[in-house]
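First up is the structure itself, then whatever we jot down about it.
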Amino acid sequence: MQAVRIHEFGGLDSLKVGDAPTPKPRDGEVLVRIHAAGINPVDWKTCAGEGVASRLEDPFPFIPGWDVSGVVEAPGAGVSDFKAGDAVCGMVRWPWGGGGYAEYVAAPAVDLVARPESMNDAQAAGLPLAALTAWQALFDTADLQLGQSVLIHAAAGGVGHIAVQLAKWRGAHVTGTASARNEAFLRELGADRVIDYNATRFEDVSGDVDVVLDGVGGEIQERSFGVLKPGGMLVSIRGRPSQEQASAHGVRAQHVSVHADAEQLRAIADLAEAGRLAIHVDATFPLEEVHKAHEMSKTGHTRGKVVLRAV
């Protein structure tokens, strides 16, 4: 099969496209013919030796990528939930395995769900990791409730544009920070207010909120403590927030790292199937243009997701 592999940690030059052995499914796994693979920041961070690099079970040669969409080629022994020809998507072999930047992956059946019929392969490939991150940040960690208010930084990005939709589905009042070009996009997704971070300091206009979802870190994170209501919650997916600052403001703060959860992924897929959750794909690239795809993702200014095509 064709695959993108790294043989050592490094920059874009470490990504090599070429022939690789087609995996064979073990007990409880299925062989998936990959049609598309979603790109997440953890992908290029891991290739550089950061991200989840320390957790890889067998680093080299390593095939990056955890988000996939495709068709079951063959189920392994003990698999009854899927059969050959089923359209599936999932966050596969997280965080130790990878394997998404290829034509085939052998993935545990528990990592997969039926691909929502409302989505094409590129959209479905952009769903799992970002949506699970948003779900776990907003609901598991912040316990966002009906009628509460949330400020979402980087609201037009991969996690952000999903978080906007999930928060609205939960019945929250949603404010997002983004560039002016993304205001109409975010309002279509359900944002009640969009703050152009190039023109306005968010703390001057956001009002007090119950929850902040921080996808930026640094100075933005530090300034976010001041917009939280007493007892509010800052959830960061970019860097660990200061517990000292949280205490000084009378609020809570926590960093979230995504984890696999089959039940949550099925619930997310059901929302997508019901038309309550959409994935915006900013650009798609063939496997051989993985360098361009990573370069675009690393800018931090994509609208929604960047996806690789394997077919």
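The values are calculated or read from the model by the stated rules, or taken from the named source; none is laboratory data. Computed from a prediction, not measured in an experiment: that's the story for all the values here. Heads up, the Cβs are rebuilt from the backbone with ideal geometry, glycines too, and the neighbour counts pull from every protein chain shown. Please note that ligands, DNA and RNA were not included when accessible areas were found on the heavy atoms of the full protein model with its side chains. Shrake-Rupley method; radii C 1.70, N 1.55, O 1.52, S 1.80 Å.
Distance between the modelled labels on R181 and W169, one decimal in nanometres: 2.8 nm (7 Å Cα→Cβ projection).
Going through region 54-101, which trypsin sites (Lys or Arg not before Pro) have at most 15 other Cβ atoms within 10 Å and a DSSP loop state? Intermediate results must be reported in sequence, preceding the final value.
Numbers: sites: R55, K83, R93; in loops: K83, R93.
Listed in order of number, the matching sites are K83.
A cut-off under 15 angstrom between Cβ atoms defines the neighbours of Q245, and their net charge, with Lys, Arg +1 and Asp, Glu -1, is -2. Restricting region 158-245 to chymotrypsin sites (Phe, Trp or Tyr not before Pro) that sit in a DSSP loop and have at most 11 other Cβ atoms within 10 Å of their own Cβ leaves nothing.
If packing is taken as the mean number of other Cβ atoms within 10 Å per residue, what is the order of 156-162, 303-309, highest first?
On the way: 156-162: 27.4, 303-309: 24.0.
Peptide ranking by packing, descending: 156-162, 303-309.
Among H291, H249, H301, whose Cα sits farthest toward the positive end of the charge dipole of region 197-311 (+1 at Cβ of Lys/Arg, -1 at Cβ of Asp/Glu, about the Cα centre)? Selected residue: H291.
Share of carbon and sulfur in the accessible area of region 214-311 stands at 46%, probe radius 1.4 Å. Annotation: lysines with alpha-carbon distance below 22 angstrom to K298 (same-chain offsets under eight excluded): K16, K45.
What a 1.4 Å probe finds exposed on region 1-80 is 48% carbon and sulfur by accessible area, rounded to a whole percent. In the chain, helical runs assigned H by DSSP with n ≥ 4 each contribute -39500 (n - 2.57); averaged across all residues and rounded to the nearest 500, the mean residue ellipticity at 222 nm is -7000 deg cm²/dmol. Taking all protein chains into account, the per residue accessible area for region 79-227 stands at 35 Å² (1.4 Å probe). For region 1-54, applying the loop criterion from DSSP together with a ceiling of 16 other beta carbons within 10 Å to the GluC sites (Glu not before Pro) yields E8, E50.
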